[in-house]
Amino acid sequence: MRPFTRQPQVSPEAETAKRAAEKSLQPAQAHEPEVEAKLTESIRVKEQIRVHNRANAYSDWIEGIVLSRLSG
C-alpha cells in the first residue's frame, strides 16, 4: 500500500510575485549594456584622474626641490 503523496501547490500570490519579478527583470536586462558602458567609462575616468594626480604630485615634488635650491 502506498501512502498518499500531496502534490505541492503554489499559491496564487506566489505566482503573481513570480510573474512580477520576471516582468521587472526584463527592463533591467535590457539596460545592462548601457550600465556596463557607464561603469567602464567611470573606471577609465577614475584611472585618468589618478594618473593626473600622481603626475601633479611628482611635479610639485620636483618644483619644491628646484625652488629650495634657488632660494637656499
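Worth pointing out:
- Inter-label distance for H31 and S59, nm, one decimal - labels placed 7 Å from Cα along Cα-to-Cβ: 3.8 nm
- In order through the stretch 32-37: 3J(HN,Hα) via Karplus (6.51 cos²θ - 1.76 cosθ + 1.60), integer Hz, x for Gly, Pro: 4, x, 5, 5, 4, 5
- Taking the alpha carbon gyration tensor of the stretch 15-72, multiplying each eigenvalue by 5 and rooting it gives semi-axes of 54, 9, 4 Å, largest first.
- Charge sum, other residues only, whose C-beta stays under 14 Å from A30's C-beta, Lys/Arg counted +1 and Asp/Glu -1: -3
- Of the residues A57, L67, A37, the one whose Cα sits farthest towards the positive end of the charge dipole of the stretch 11-72 is L67 (charges of +1 on Lys and Arg Cβ, -1 on Asp and Glu Cβ, taken about the Cα centre).
- Per-residue [θ]222 nm for the chain (sum of -39500 (n - 2.57) over DSSP H runs n ≥ 4, rounded to 500): -29500 deg cm²/dmol
- Accessible surface of the chain [probe 1.4 Å, protein heavy atoms]: carbon and sulfur percent: 60 percent
- Solvent-accessible area per residue, Å², over the chain with all protein chains present [probe radius 1.4 Å]: 100 Å²
- With each label modelled as a point 7 angstrom along the Cα→C-beta vector, the K23-Q48 pair spans 4.2 nm.
- Ordering of 47-53, 9-15 by packing [mean C-beta count within 10 Å, highest first]: 47-53, 9-15
The values are calculated or read from the model by the stated rules, or taken from the named source; none is laboratory data. These numbers were taken from a predicted model, which means no experiment stands behind them. In this analysis, Cβ positions are derived from the backbone assuming ideal geometry, glycine residues included, and neighbour counts consider all displayed protein chains. The area values use the complete protein model at the heavy-atom level, side chains included, leaving out ligands, DNA and RNA. Shrake-Rupley method; radii C 1.70, N 1.55, O 1.52, S 1.80 Å.
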